[in-house]
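Some notes on the structure that comes next.
Readers should treat all values here as calculations from the given coordinates under stated rules, not as data from a laboratory. Because the structure is predicted, anything quoted here is derived from the model rather than measured. Every residue, glycine as well, gets a Cβ built from its backbone with ideal geometry; the counts of neighbours run over all protein chains shown.
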Amino acid sequence: MRVTVRQFEPGSAVWLQLTGPVAVLTIKRPHRKNALNRSAWATLGDWVRHLPAKTRLLVIRGAGGDFSSGSDLKEFASLTEAEVNQAFELMENTISAVESLPIPTIATIDGGAYGAAFVLTLACDLRLGTSRAKLGIPVGKLGITLQPPFVRRILRELGPSAAKDLVFTGRILDADMARAMGILNDVVPPEHLTDHTIRMVRTILRQSRASVLAMKESVRKVLAEAEMEEMRQENDHPARSWVYGPDFFPAVSAFATKRAHRFEGRPDAIKTCADTPRGDGR
């Protein structure tokens, strides 16, 4: 079967491979652990929106030993707050484009998938991981204020308590934890990921296409009905702020220069419950 590999433009960070009815999008910035800058997010979205009409299944993966470390925080250090919010809207538009595809989508995760890249995997129908997979959304370390579109995807896959846990603590899930929580459908050794993905793709393509597409559309409609009122309320307040500036910019600057950063009100500045006098005088 003929294999075609395309770049959206020379030097592009996202490559498209076409093999018959299967499209594979590969994030190729291994020197940055596949961190996605604004150009990469835009390219990924453009590829998704312009897949060939014959495409029946999409796989998204990262080159090298990581899926993606998330958005390129070093790029954010030079942006204004308005530009940062625009960048988050670009991420949301790209992730929404993946989520809206009528065909099956699979994320294959070897190594880290953090932040917005983690949310990107949640927008896919299935997630296949290796034993090296690490997933999380430690936005509390940066002053990023998650907005409803991202939160809805996390809630759907994890539920309210686990979703809060990930954000409140910055916890990073290993492959076994993610499998137990239903985030990863399968976990295999790193050297078996490609073969396992091929088997999964072939299995899906052998099913009735009508059945597969009907299931995807029915799930989408059921979830949409449950979320319709929330989305209406969002549209009444279209302006979103994805970051809390006084926390975000110092944290990003510290990250870019590899310095430790401390938010005001960290635990060492707050008395523990055990140190706090009781109201009853005991």
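Across region 3-231, the relative contact order, built from alpha-carbon pairs under 8 Å that are at least six residues apart, equals 15 percent. With θ taken as phi - 60° and the Karplus curve 6.51 cos²θ - 1.76 cosθ + 1.60 applied, the whole-hertz 3J(HN,Hα) list for region 172-184 is 9, 8, 7, 4, 5, 5, 5, 5, 5, 7, x, 6, 9 Hz, x standing for glycine and proline. Rg/Rh for region 3-231 (Cα atoms only, Rh after Kirkwood) is 0.94. Between the amide H of Val59 and those of Ala23, Val24, Leu25, Ile106, distances stay under 5 Å, these residues lying 5 or more places away or on another chain, with hydrogens modeled in the peptide plane. Backbone amide hydrogens, once placed in the peptide plane, bring Arg132 within less than 5 Å of Gly111, excluding anything fewer than 5 places away on its chain.
Looking only at region 119-153, which residues have a backbone nitrogen under 13 Å from a spot 7 Å from the Cα of His192 in the C-beta direction? Counting backbone N atoms under 13 Å from the label point, the list is 129-132. As a rough footprinting exposure proxy, the listed residues Lys134, Lys258, Lys74 were ranked by other beta carbons within 10 Å of their own, and the order from fewest upward is Lys258, Lys74, Lys134.
Full extension of the chain segment joining Arg199 with Ser218 gains 4.3 nm, where the gain is 0.36 nm per residue of separation less the Cα-Cα distance.
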